[in-house]
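Written below as C-alpha cells is the structure these notes are about.
The values are calculated or read from the model by the stated rules, or taken from the named source; none is laboratory data. Owing to the predicted nature of the structure, the values given are computational and were not obtained by experimental measurement. Every residue, glycine as well, gets a Cβ built from its backbone with ideal geometry; the counts of neighbours run over all protein chains shown.
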C-alpha cells in the first residue's frame with residue numbers, strides 16, 4: 001500500500017471515530033423540545049370552539065278561538081244576596097246580584113265578575129262610612145247600601161246585566177244612586193267594552209251621542225249636555241236588549257237629581273254599517 005492510500009485510510013478512521021463519539025454524547029443528553037419548555041416559536045393553537053347553538057324562536061301562545069255558541073249551555077240567572085248590619089259602625093247592607101245557576105265552567109267567570117262588582121261597591125261604601133264617622137247619637141236613619149239587577153239579554157252567547165245601587169249616608173238630605181253593567185261574552189270569557197261591538201275606526205260614539213242628545217232634548221231632560229258628549233266615560237253604562245242599545249245616564253250626568261237617572265234606547269237597526277257583527281245583535 002503506497003503512502004497516499006495509507007493517508008486516506010487514516011483520515012477515514014479518524015472521521016469515523018469522531019462520528020461515533022459525537023453520537024454517544026448526543027444519546028447521553030436528556031431529550032428536550034421547545035414545545036415542552038413552553039416557548040414554542042409557533043403559537044399554540046387554541047382548543048376548538050363549539051359552534052354556538054341557534055337561539056330558539058320565542059314561543060307565542062296562539063289566541064284561543066271563540067267557543068262555538070252551540071256548545072255553551074243556556075244560562076239560568078238567579079239572585080245571590082249579601083246582607084250585613086253593623087249597629088256600632090252605623091250601616092246596613094242588602095245587596096242582590098246575578099249569577100248563572102248552572103254547573104258549567106264557561107259561566108264561572110261571569111259569576112266571579114258579578115260578585116266582584118258587588119263586593120267592590122260594598123268596600124267603597126264601608127270606606128265612606130268609616131271616613132264620615134259617627135254623625136250624631138240621635139236616632140237618625142243609618143247609612144244604607146242596596147242594589148237590584150235586571151237582565152236585558154241572557155243567551156248562550158251573551159249576557160247583558162244592569163245593576164242599580166242605592167246609597168244613603170246618615171245625615172244626608174236624600175239617597176242617591178249609580179249604575180254598573182256587565183256585558184259578558186262566554187265565547188271568549190270577556191266582559192266587553194262598547195267599542196268591541198263596532199268595526200275598528202268607525203265613529204260609533206258620534207252616532208250614539210247624536211241620537212241620545214236628540215232623544216233627551218225631546219224629553220226636555222238634557223240640562224247638562226256635557227254628560228252626553230261623545231266620550232267613552234259618558235257611555236260606559238250600556239246594555240244590549242233584543243232590538244236596542246240601551247244607554248243609562250246616572251243622576252246629575254245629564255239632568256238634576258229630581259229628574260232621576262235617564263235612559264236612551266237606540267234601535268240597533270240604525271247601526272248596521274258600524275257594527276262589527278250586525279247579525280249577532
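Regarding residue 272, is this residue at pLDDT below 95 and touching a helix residue (DSSP H, G or I) at 6+ places or on another chain (Cβ under 6 Å)?
yes
List the number of the failed condition for residue 241; all other conditions in (1) within 20 Å of residue 111 (Cβ to Cβ); (2) touching a residue at least 12 places away in the same chain (Cβ under 8 Å) hold.
The number of the failed condition is (1).
Looking at the range 92-106, which of its residues are crowded, with 17+ Cβ neighbours inside 10 Å, at pLDDT 95 or above and either under 19 Å from the mean Cα position of the chain (by Cα) or within 21 Å of residue 175 (Cβ to Cβ) (or both)?
Residues satisfying the conditions are 92, 93, 95, 97.
I'd like the full set of residues that are part of a strand (DSSP E or B) and over 20 Å from residue 228 (Cβ atoms), limited to the range 260-281.
275, the sole residue that qualifies.
For the range 155-168, what are the residues that are in contact with a strand residue (DSSP E or B) (Cβ under 8 Å, 6 or more places away or on another chain) and either at pLDDT below 95 or not assigned by TED's automatic domain parsing to the domain that holds residue 100 (or both)? Steps first, answer last, please.
To start, the set of residues in the range 155-168 that are in contact with a strand residue (DSSP E or B) (Cβ under 8 Å, 6 or more places away or on another chain) comprises 157-168.
Listed by number, the list holds a single entry, 157.
Looking only at the range 119-126, decide whether some residue is crowded, with 19+ Cβ neighbours inside 10 Å and not in a helix (DSSP H, G or I).
Here is the first cut: in the range 119-126, the ones crowded, with 19+ Cβ neighbours inside 10 Å are 121, 125.
From the residues that got through so far, the ones that are not in a helix (DSSP H, G or I) too are none.
No: zero hits.
Residue-wise test of (1) in contact (Cβ under 8 Å) with a residue 60 or more places away in the chain; (2) surrounded by fewer than 13 Cβ atoms within 10 Å (Cβ to Cβ).
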position: 215; (1), (2): no, no
position: 226; (1), (2): no, yes
position: 234; (1), (2): no, no
position: 246; (1), (2): yes, no
position: 249; (1), (2): no, no
position: 255; (1), (2): no, no
position: 271; (1), (2): yes, no
position: 275; (1), (2): yes, no
position: 279; (1), (2): no, yes
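Select from the range 187-204 the residues that are touching a residue at least 12 places away in the same chain (Cβ under 8 Å) and closer than 19 Å to residue 150 by Cβ and list them in ascending order.
191, 194 - these are the residues of the range 187-204 that are touching a residue at least 12 places away in the same chain (Cβ under 8 Å) and closer than 19 Å to residue 150 by Cβ.
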